[in-house]
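Below is one structure, written out as structure tokens; the observations come after it.
The values are calculated or read from the model by the stated rules, or taken from the named source; none is laboratory data. All values derive from a computational prediction rather than experimental measurement. Here the Cβ positions follow ideal geometry from the backbone for every residue, glycine too, while neighbour counts run over all protein chains shown. What goes into the accessible areas is simple: the full protein's heavy atoms, side chains included, and nothing from ligands, DNA or RNA. Shrake-Rupley method; radii C 1.70, N 1.55, O 1.52, S 1.80 Å.
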Amino acid sequence: MKNPAGPKAYSMPLFHFKHQREEDLLSLRFDAAEDLEQRSRRGDIRAGFLLAHLLSTGQGVVADPAHAQRTYQRLRRQLFFRPYTHDAETAFDKARLHHFGWGGRANPKKALRYFRACRRLFRQDADQGDRYATHRLAALYFHGLGGDKDGLAAMHYLRLAAESGLVHAELDMTEMLWHGLGGWRDKTEAARFLEKAANNNRMPRFRALMAEAQYRMGLMALEGLGTTVSLKNGYVWLAIAARYGHEAANERRKALDQRLSLSQQLEFQRAAADWVPRYSPDEGEPPPGPYTAPPTGLYAEAPI
């Protein structure tokens, strides 16, 4: 079996950059496409991006690239006169449209200008403890958008977002540390962040990401990657992920059933049924941790 954190079979796209603001896709009712269309026409920018993404990928709807392009063109018109120099969300939306060429031609010069504004505005919000801005800032540094690539800066801000309890950041931190993408590799630390993500039920609408982390925990336990080999732990994590709707985990759990005795199945299933996430919505979202300033001069801001 390949590495559960490897780049092909088990990896999630690092930073989910194209659609970072579309986290609601994880819990979206796909019969709401018509409602998204109406909201987009009324000027709801977020609804427009969600609709265009669904139409582009065919998630829950019939793929319609032409309709998706028309939606992106409408977004360009709606955003054209919106000021962005003090609005991080508008700057981010404009940057993506011009960077990826959605709804028109790609325009690297405009995209660079908007991404530079994003760096400045996201850093201001990150200084105030905004975990989502901190995560997006890490993505900009990692991909070199709005300035030079800086793996150390990406790791710094990503760690802040992950330690604040953002499940997206915990999964990305796992990838960075497992593969050494931020300048160093630490598989033990990567496994710690993965376990945090597997127990992170703070935001129920992101349970699909929690289930993905649980699936990876199961695979790692079965193969002894970053931990000791344990058939029981592997089965339990797969069963938990399957309970949250992870199809691949359910298929792997069924395959394991063929190798287990009836008594083992009952024991492992009881353990999975008794599992409770360490971080639950009842506790509320924890406050962001204190901001730690990076070393002086390490993250030079690109001028606007």
Kindly indicate whether LEU137 is within 22 Å of ALA162 (Cβ to Cβ) and part of a helix (DSSP H, G or I).
yes
Consider the stretch 82-100. How many of its residues are open to solvent by less than 20 Å² (accessible area, probe 1.4 Å) and either not charged (D, E, K, R) or not in a helix (DSSP H, G or I) (or both)?
6
Among the residues of the stretch 104-127, which ones are surrounded by fewer than 20 Cβ atoms within 10 Å (Cβ to Cβ), touching a helix residue (DSSP H, G or I) at 6+ places or on another chain (Cβ under 8 Å) and closer than 30 Å to ASP64 by Cα?
GLY104, ALA106, ASN107, PRO108, LYS110
If we scan the stretch 194-217, do we find a residue that is on the phi > 0 side of the Ramachandran plot and either under 20 Å from the mean Cα position of the chain (by Cα) or not hydrophobic (A, V, I, L, M, F, W, C) (or both)?
no
How about the stretch 218-234: which of its residues are closer than 16 Å to ALA190 by Cα and without any contact (Cβ under 8 Å) to a residue 24 or more places away in the chain?
ALA221, GLY224, THR228
Kindly evaluate ARG185 against the criterion of being in contact with a Phe, Trp or Tyr (Cβ under 8 Å, 6 or more places away or on another chain) and surrounded by fewer than 15 Cβ atoms within 10 Å (Cβ to Cβ).
yes
